[in-house]
1. Being assigned to a loop (DSSP other than H, G, I, E, B) and at pLDDT below 75 is the filter here; which residues of segment 61-85 pass it?
2. Can you run down the residue pairs with Cβ atoms below 8 Å, 6 or more apart or on separate chains, where the first is in segment 18-39 and part of a strand (DSSP E or B) and the partner is among the charged types (D, E, K, R) and surrounded by fewer than 15 Cβ atoms within 10 Å (Cβ to Cβ)?
3. The conditions are (1) in a loop (DSSP other than H, G, I, E, B); (2) closer than 14 Å to Val53 by Cβ, and Met1 fails exactly one of them. Which is it?
4. Just the residues that are within 15 Å of Glu51 (Cα to Cα) and exposed (fewer than 14 other Cβ atoms within 10 Å of the Cβ), please, taken from segment 13-28.
5. Taking segment 40-60 only, how many residues are assigned to a helix (DSSP H, G or I) and either of a type in the set (S, T, N, Q) or without any contact (Cβ under 8 Å) to a residue 12 or more places away in the chain (or both)?
6. Test Ser10 against the criterion of being among the small types (Gly, Ala, Ser), surrounded by 13 or more Cβ atoms within 10 Å (Cβ to Cβ) and modelled with pLDDT of 90 or more, and give yes or no.
Amino acid sequence: MPFAVGCDTSDVAVSATLNQEGHPVAFVSRFLHGSEMHYPAIEKGTTAVIEAVRKWSHFLRRQHFTLITDQRWHSCLIENELRSRTTRCSTGDCN
């Protein structure tokens, strides 16, 4: 049964839920500290994803999972990675 990880951020905290078959099975949250509170939204969102994947790595390892977020930063990261791969492949370095 595939998992879905839902991440969210605010000015002062990051949180995530681990979902399976549309039902939450775990939740994690923490307050941002010090300089983290001044991170741009993309870095706060990335922090939430990293926290979730680290916390639930034993569930998520070696399988695909869906990342759910209301931020647009993740699509920018994916587009940049695809653009980067396309550029590398056009120069002959597809690894």
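The values are calculated or read from the model by the stated rules, or taken from the named source; none is laboratory data. All of these numbers come straight from a predicted model, not from anything done at the bench. In this analysis, Cβ positions are derived from the backbone assuming ideal geometry, glycine residues included, and neighbour counts consider all displayed protein chains.
1. Passing the criteria: Gln71, Arg72.
2. none
3. Unmet for Met1, out of (1) in a loop (DSSP other than H, G, I, E, B); (2) closer than 14 Å to Val53 by Cβ: (2).
4. Phe27, the sole residue that qualifies.
5. 7
6. no
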